[in-house]
Amino acid sequence: MTTAPKPDILAAFEAAKGFMPMNEGLALYAAAVGAARLGLPLLEVGTYCGRSTILLADAARAAGVTALTVDHHRGSEEQQPGWDYHDPETVDPELGVMDTLPAFRRTLHRARLEEHVVALVGRSPQIAKVWNSPLGLVFIDGGHTDEHAGADYEGWAPHVAVGGLLLIHDVFPEPADEFTGQAPYRVHLRALASGAFTEESVTDSLRVLRRTGAGI
Ligand code: SAH
Ligand code: MG
């Protein structure tokens, strides 16, 4: 059985600014629906304007759990002015620096999912440091440097409950295919080498791993 979002959720997803293609979004949604049944919160690293958050939020809503989403909202390296993934609409006109929080708030409001989401605004490692509760799903889609992706893995993967899911986006095993580096691929390899995670599915650059072992 495949689990697909209802048309209104799909329409909100398609209308939202962001970097999650439809095919991977559908896989993300199906994984989130399954993981939410554990009764634990779902957490995303890398909110941007809320495109993928919509899918986690709708899965959380259906199971009566909360979706958490982490971002400092100042953009990744490749999203800064002058870089390939920059969108001038994400710049705060008063400060002249990126601020994706307003667009994220609009996305969730339009999708009528605000009450199912808690936004954690800050740096991922700093939030992870004060986090101490199990998660049904962790979706790593934040910064693409080794420093950031590695810290996301180290900070959040230990909080995935046994039986829960670790998802990693932008995994490109072939250097020729990648657009923003292979750090997520190296995180994927680390997760597999830890012995704590078993691969469940591959959809384009999205990897779904289940936590099957205790030690990381
Ligand atoms: N999931 C989004 C895309 C995320 S883009 C979608 O579906 O469209 C990556 C995001 O990670 C950016 O918004 C950036 O601000 C954030 N980010 C990068 N490094 C971070 C860090 N160390 N802490 C918190 N957020 C970070
Ligand atoms: Mg991504």
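Every number in this text was worked out from the coordinates using simple rules, so none of it is lab data. Because the structure is predicted, anything quoted here is derived from the model rather than measured. FYI the Cβ positions are ideal-geometry reconstructions off the backbone, even for glycines, and counts take in every protein chain you see.
Listed values, structure above:
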| item | result |
| --- | --- |
| Length released on extending from GLU114 to LEU189, taking residue separation times 0.36 nm less the Cα-Cα span | 23.6 nm |
| Among beta bridges that DSSP assigns inside the chain, antiparallel share in %, nearest 5 | 40 |
| Extension gain, GLU147 back to ASP204 (0.36 nm per residue minus Cα-Cα distance, nm) | 18.2 nm |
| Extension reserve of the THR3-GLU174 stretch, reckoned as 0.36 nm per residue once the Cα distance is removed | 58.6 nm |
| Expected 222 nm ellipticity per residue - DSSP helices of 4 or more, -39500 (n - 2.57), all of the chain, to 500 | -10500 deg cm²/dmol |
| Exposure proxy order (Cβ contacts within 10 Å, fewest to most) of LYS17, LYS6 | LYS6, LYS17 |
| Residues PHE139, PHE19 arranged by fewest to most Cβ contacts within 10 Å | PHE19, PHE139 |
| Cα-based shape type of the range 120-216, given that a ≥ b ≥ c are square roots of the gyration tensor eigenvalues and the cut on a/c is 1.5 | oblate |
| Max mean-square fluctuation residue, GNM over the chain, Cα-Cα springs under 10 Å, options ALA62, ALA119, ALA27 | ALA62 |
| Highest-first arrangement of 131-138, 7-14, where packing means the average Cβ count within 10 Å | 131-138, 7-14 |
| Radius of gyration and Dmax over the Cα atoms of the chain, both given in Å | 16.0, 49 |
| Vicinal HN-Hα couplings computed from phi for the range 183-200 (Karplus, 6.51 cos²θ - 1.76 cosθ + 1.60; Hz; Gly/Pro x) | 4, x, 5, 5, 5, 4, 5, 4, 4, 5, 5, 5, x, 8, 10, 10, 5, 9 |
| Relative contact order %, the chain, counting alpha carbon pairs below 8 Å whose residues are six or more apart | 19 |
| Distance (nanometres) between label positions extended 7 Å along Cα→Cβ at LEU95 and ALA15 | 2.7 |
